[in-house]
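What follows is calculated from the coordinates using simple rules that are stated; it is not laboratory data. Being a predicted model, the structure only gives us computed values, none of them experimental. Cβ: placed from backbone, ideal geometry, glycine included. Neighbour counts: every protein chain shown.
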Amino acid sequence: MTPTPGPVGQGEQGEREQSEGHDGREGPGDGGETARPPLLRELALVTALFLVYKFGRLFANGHETRAFRNADRVWDAERAVHLPGEGTIQQLLLHGEPLIRAANTYYAAVHFPATLAFLVWLYLRRPAHYVWSRRVLALVTGAALALHLLMPLAPPRMLAASGLVDTARVYGPSVYGATPETDSMANQFAAMPSLHFGWALMVAIGLIAATRSRWRVLWLLHPLLTLLVIVGTANHYWFDAIAAAAILGLALLAVRAPGRRTAPPPVPRTLGTASLPVGALR
């Protein structure tokens, strides 16, 4: 008597097909079935995100006295917890003028283009990761702007007690006006948190999550280099980066990442003739 294929055989075939789907490519479990959002809507959303970041901080202008008072407190707090002085990093960059110019250029020219390129690549290649990353970046940016309003903070390059050099003003290039109080392009008293660092860290995390290369951990070099640049150019304190990382961590907890789904319950195996012992067929 020849046993006929039963549900057990079908279940095994389904298991093989499911295991073959996890070859590093996006599948249903990785968010690969997520439809790409409409382009015009996304362009509007991302443009709004950048404009809010660029011009929203201007509402914090006019609080220079509070900003310098907060700067003194941050500086004293960093020394109280024995964080390394920002001047240690700056001295490394000041060993050569080309090096400090490169750091200033990185600060001025990499921040926006790198984040935009990250979003464009995800939109084209990993739609599910794009939606996730865009939502996280929007939350981080909104929270950062709220903190900029609640806690205006003068950067270390303006703080006399720091003894640091305003490298952008001395060596160039600079993205800020010569007079911070009348700068119409950006609020220079919005140091905490550092969105330079927060966005760079999200770019690295997003690319690590969306790719499968064994070298993808090297994307962390971007936020690491950004951290050294923002501190070495005296644009941010260590605490600015720590605050950005904390806000990003909360945003990552709030927004579900692609593929973070509960596993489906196992399919019960019904007893078919193919699963019966040989003796049972006699």
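One table, with the values for the structure above:
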read-out	value
For segment 72-143: rounded, prolate or oblate by the Cα gyration tensor [a/c cutoff 1.5]	oblate
Rounded, prolate or oblate (a/c below 1.5 giving rounded, otherwise prolate when a/b exceeds b/c) for segment 115-228 by Cα gyration tensor	prolate
Pairwise centroid distance, computed over Cα atoms, of segment 110-156 with segment 207-264, Å	11 Å
J(HN,Hα) series, segment 95-109, from Karplus relation 6.51 cos²θ - 1.76 cosθ + 1.60, nearest Hz, glycine and proline x	5, x, 4, x, 5, 6, 5, 5, 5, 4, 5, 4, 4, 7, 10
Point-to-point label distance, Q91-I242, nm (Cα→Cβ direction, 7 Å offset)	2.2 nm
